[in-house]
Amino acid sequence: MDRFVPYGPSHWVLMALIVVGAVVLVVLGRRNRDPRTEVVFTRTFAVVIVAFNVAMLVHRFLPAHWNIGESLPLQLCDLAWIVGAVALWTRRPLAHALLYYWGLTLTPQAMITPALDAPDFPSPDFIEFWGQHLLVIWAAAYLTWGVGLRPNWRGYWFAAAVTVGWGAAMLVFNSWAGTNYGFVSRKPDNPSLLDVMGGWPWYLAVEVVIALVAWALLTWPWTRAAGRECVNRF
């Protein structure tokens, strides 16, 4: 089976699928104004995310595929699909905040510069990597622009604290296990945006600053619009 090649035909197809799927879900969310069917659709979406990722996780844990450096669900994308399912099922603001920031900044970056050294479609590794990331981005787009959930500054700081805490935990775990979850202990072998952020550990600090600035820019329009609405009411 051919190996996956970044910016090869399958990569471009998946990038297009991100956009098409997100647009379709947003349109469906905006058109569906029946609360009962909306809840059924949203929770079905959550079940699909869980079913897909649990099946892939079981595959990772099979003896033939087990690898302590890759099989454990410790990558941020592993947490993102869990958060996505919770956000879809409960619509809790903090769960949505994590999904919003992770799903619309970190997950797309992983798809633009994919750290995927595996056979191309239809290999299980290919399907897991792209399926997991696609579902997270679609869930974030659906809840934000389709259903109408909005981030705020409380969610911003919550997401920042959780992300930094996860990164610190991965540094400790990687040091103990000799792994590199989250690429916090060293850069990935494939080209990525981390290559222009300096060496370790400096690229971690640069990454945090860029993320905080980007997330602030993704928060400000929503909070500004909410402020205008409050002023107009008075």
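Okay, here's what the table says:
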| item | result |
| --- | --- |
| Meets criteria (touching a Lys or Arg at 6+ places or on another chain (Cβ under 7 Å), open to solvent by 20 Å² or more (accessible area, probe 1.4 Å), part of a helix (DSSP H, G or I) and more than 26 Å from GLU207 (Cα to Cα)) for TRP145 | no |
| Single unsatisfied condition, LEU116 versus (1) without any contact (Cβ under 8 Å) to a residue 60 or more places away in the chain; (2) out of contact with any Lys or Arg (no Cβ under 9 Å at 6 or more places or on another chain) | (1) |
| Pair list, Cβ < 7 Å and 6+ apart or interchain, from region 1-14 residues that are aliphatic (A, V, I, L, M) to residues that are part of a loop (DSSP other than H, G, I, E, B) and open to solvent by 20 Å² or more (accessible area, probe 1.4 Å) | MET1/ASP120 |
| Single condition THR107 does not satisfy, out of (1) open to solvent by less than 30 Å² (accessible area, probe 1.4 Å); (2) out of contact with any His (no Cβ under 6 Å at 6 or more places or on another chain); (3) under 14 Å from VAL136 (Cα atoms) | (2) |
| Residue that is nearest to the chain's Cα centre (by Cα), among those in region 6-30 that are surrounded by 12 or more Cβ atoms within 10 Å (Cβ to Cβ) and outside any helix (DSSP H, G or I) | PRO6 |
| Filter pass, VAL172 being outside any loop (DSSP other than H, G, I, E, B), among the β-branched types (Val, Ile, Thr) and closer than 30 Å to LEU57 by Cα | yes |
| Residues within region 200-214 that are open to solvent by 50 Å² or more (accessible area, probe 1.4 Å) and at pLDDT 90 or above, tallied | 9 |
| Hey, ALA51 modelled with pLDDT under 90 and surrounded by fewer than 14 Cβ atoms within 10 Å (Cβ to Cβ) or not | no |
| Which listed residue is touching a Phe, Trp or Tyr at 6+ places or on another chain (Cβ under 7 Å) and either more than 26 Å from ASN190 (Cα to Cα) or basic (Lys, Arg) (or both), from LEU98, LEU94, LEU116 | LEU94 |
| Listing of helices (runs of 4 or more DSSP H) fully contained in region 31-140 that carry 1 or more residues being more than 30 Å from PRO221 (Cα to Cα) and among the aliphatic types (A, V, I, L, M) | 35-61 |
| Exclusive hit being surrounded by 15 or more Cβ atoms within 10 Å (Cβ to Cβ), basic (Lys, Arg) and over 19 Å from ALA110 (Cα atoms), set ARG224, ARG150 | ARG150 |
| Looking only at region 175-187, and only at residues there that are surrounded by fewer than 16 Cβ atoms within 10 Å (Cβ to Cβ) and assigned to a loop (DSSP other than H, G, I, E, B), the one that is modelled with the lowest pLDDT | ARG186 |
| Matching entry among ALA80, ALA110 (being modelled with pLDDT of 90 or more and at negative phi) | ALA80 |
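A quick yes/no check of all residues on (1) out of contact with any Asp or Glu (no Cβ under 9 Å at 6 or more places or on another chain); (2) modelled with pLDDT of 95 or more; (3) more than 28 Å from VAL40 (Cα to Cα):
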{"position": "LEU94", "(1), (2), (3)": "yes, yes, no"}
{"position": "LEU99", "(1), (2), (3)": "yes, yes, no"}
{"position": "ASP120", "(1), (2), (3)": "no, no, yes"}
{"position": "GLU128", "(1), (2), (3)": "yes, no, no"}
{"position": "TRP145", "(1), (2), (3)": "yes, yes, no"}
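The values are calculated or read from the model by the stated rules, or taken from the named source; none is laboratory data. All figures in this text were calculated on a predicted structure; none of them were measured in a lab. Every residue, glycine among them, receives a Cβ derived from its backbone with ideal geometry; neighbour counts consider all protein chains shown. Note: accessible area is taken over every heavy atom of the protein model, side chains too, but ligands, DNA and RNA are not part of it. Shrake-Rupley method; radii C 1.70, N 1.55, O 1.52, S 1.80 Å.
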